Amino acid sequence: MDAVAITIGISWTLVGLISIALSVPLIRGHIRPNAFYGVRFPQSFESDEAWFAINRFGGMRLAVWSTPLVVVGLVSFFLPLRSNTALALVLGFAPLVFILIPVFESWRFARRYRPRG
C-alpha cells in the first residue's frame, strides 16, 4: 500500500463512519430543534412535527449515501494511487459529492413537506 492510498482510504472511511454515526440520532428522532445539530432548513423550524420528519428523512439519506463512502474508502487502500494522480485527485474530492447529494435530497424534501392534519 502506498501513502496516498492509505491517506485517501482512511479519509473516506472515517468520513463515512462519522456521517453514519451522526445520522443515527436523527433517524431515531432523538435530536430536538436546536441551534447546532440537525437538518437545518427554514422549513425544519416550522413545527416539531416538521423538524422530526425532515431530520428523519435527512438522516436516512445521509446514512444511505455514507455507505458508499465507507466501501470506497476500504477499496482505496488497495489501489495504486501514488502512480495515478488523476484517480487520486478524483478520490480525494469525491466525498463532497456523497455528502452534497443527501443535502440536496433533504432540501427538496423540506420544500415539499406539508404537516399532517
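The values are calculated or read from the model by the stated rules, or taken from the named source; none is laboratory data. Owing to the predicted nature of the structure, the values given are computational and were not obtained by experimental measurement. Note that each Cβ is placed from the backbone with ideal geometry, even for glycine, and that neighbours are counted across all protein chains shown.
When region 1-43 is filtered for residues that are farther than 12 Å from L81 by Cβ, in contact with a Ser or Thr (Cβ under 8 Å, 6 or more places away or on another chain) and of a type in the set (G, A, S), the ones remaining, listed by number, are G16, S19, S23, G38.
The sole residue among L89, L81, L69, L96 that is at pLDDT below 90, of a type in the set (A, V, I, L, M), surrounded by 18 or more Cβ atoms within 10 Å (Cβ to Cβ) and under 23 Å from A3 (Cα atoms) is L81.
Answer yes or no as to whether S76 is exposed (fewer than 14 other Cβ atoms within 10 Å of the Cβ), of a type in the set (S, T, N, Q) and touching a residue at least 24 places away in the same chain (Cβ under 8 Å). Taking the combined requirement at face value, the residue does not satisfy it. Only one of the listed residues (A5, A21, A110, A63) is touching a residue at least 60 places away in the same chain (Cβ under 8 Å), in a helix (DSSP H, G or I) and within 18 Å of the chain's Cα centre (by Cα). That residue is A110.
Taking the listed residues I10, I18, I6, the one that is at pLDDT 95 or above and of a type in the set (A, V, I, L, M) is I18, with no other qualifying.
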